[in-house]
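Q: I have a structure I would like to understand better, so I am pasting it below and will then ask my questions one at a time.
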Amino acid sequence: MGTIESRRSTRQYAPDEVPREIVRCILEAGILAPSGKNRQPWHFVVSLRDEKRSRMVKNARDRINRLIQIHPSRNDLHMTLETLEIMASVPVVVYVLYESDSEMISSDDASWCLAATNREALDIMAIGAAVENMLLKAEELGLGSLWCGDVLYAYREFAAEMKDDAVLLSAICFGYKLRETNGNSSRRPLEQTCEYI
């Protein structure tokens with residue numbers, strides 16, 4: 001399987017900038033993903049290292065630290081702080097948005113909710129396929145990547161800088177690997193995850 005088997009989440013990046021033509025190549029791989037009725041519901045916002053990203057990450061970090069004061073034993077919040085540190089320093093962050101016509105509804109944790117209609121389910125799966133295409137293209141080009149759902153823990157802080165008519169779903173960090181990631185990522189055996197009928 002090659003690239004699929006070799007790809008691992010990268011958490012340590014070299015400081016080198018990623019050329020724009022490589023970023024474009026990764027994004028083009030994303031838009032080649034299949035989507036229901038060819039709706040192509042994705043929208044990508046590319047963030048290079050700058051003051052805006054620094055401000056977004058700082059605001060997100062402040063929110064997570066406030067949540068940790070309320071829920072100090074939540075390991076997921078502590079892990080989110082680690083992800084935010086990576087997002088602050090990595091050369092490229094691509095925010096993945098859903099161009100949805102759904103109404104956003106506030107909730108405590110994520111600050112958004114989708115109606116979970118059939119169309120939304122299909123669109124979100126399509127966006128997942130676009131994300132996977134980008135992760136695999138980055139690996140093929142010798143870059144590391146990290147898919148970050150943690151942006152949802154500080155949704156308002158990130159979404160404030162995004163399109164008003166789109167729902168932020170995740171972010172992806174891209175950069176040159178500081179070192180190769182070795183070892184296997186644990187997966188449940190196929191026999192536990194698949195059945196034939």
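The values are calculated or read from the model by the stated rules, or taken from the named source; none is laboratory data. Keep in mind it's a predicted model, so treat the numbers as computed, not measured. Here Cβ is always computed from backbone atoms with ideal geometry, including for glycine, and neighbour counts include all displayed protein chains.
Q: Here are ALA29, ALA33: which of them is in contact (Cβ under 8 Å) with a residue 12 or more places away in the chain, of a type outside the set (S, T, N, Q) and outside any helix (DSSP H, G or I)?
A: ALA33
Q: Related question: Among the residues of the stretch 42-56, count how many are part of a loop (DSSP other than H, G, I, E, B) and either acidic (Asp, Glu) or modelled with pLDDT of 95 or more (or both).
A: The total comes to 1.
Q: Can you go through LEU152, LEU168, LEU114 and tell me which one is in a loop (DSSP other than H, G, I, E, B), among the aliphatic types (A, V, I, L, M), surrounded by 15 or more Cβ atoms within 10 Å (Cβ to Cβ) and modelled with pLDDT under 95?
A: Within the list LEU152, LEU168, LEU114, the selection yields LEU114.
Q: So, one more: If the requirement is being surrounded by 14 or more Cβ atoms within 10 Å (Cβ to Cβ), assigned to a helix (DSSP H, G or I), without any contact (Cβ under 8 Å) to a residue 24 or more places away in the chain and not hydroxyl-bearing (Ser, Thr, Tyr), which of these qualifies: ILE64, ILE68?
A: Of ILE64, ILE68, the one residue that is surrounded by 14 or more Cβ atoms within 10 Å (Cβ to Cβ), assigned to a helix (DSSP H, G or I), without any contact (Cβ under 8 Å) to a residue 24 or more places away in the chain and not hydroxyl-bearing (Ser, Thr, Tyr) is ILE68.
Q: Cβ-Cβ distance below 9 Å, separation of 6 or more or different chains: which pairs start in the stretch 157-183 with a residue that is basic (Lys, Arg) and end on one that is at pLDDT below 90?
A: Taking only residues 6 or more apart or on different chains, the pairs are LYS163/GLU99.
Q: Does the stretch 5-25 include one or more residues that are outside any helix (DSSP H, G or I), more than 23 Å from GLY144 (Cα to Cα) and over 18 Å from the mean Cα position of the chain (by Cα)?
A: no
Q: Whether any residue in the stretch 86-100 is at pLDDT 95 or above, within 17 Å of SER170 (Cβ to Cβ) and not aliphatic (A, V, I, L, M) is what I want to check.
A: Yes; the residues of the stretch 86-100 include at least one that is at pLDDT 95 or above, within 17 Å of SER170 (Cβ to Cβ) and not aliphatic (A, V, I, L, M).
Q: Could we say that MET104 is part of a helix (DSSP H, G or I) and modelled with pLDDT under 95 here?
A: Spelling it out, it is not the case that MET104 is part of a helix (DSSP H, G or I) and modelled with pLDDT under 95.
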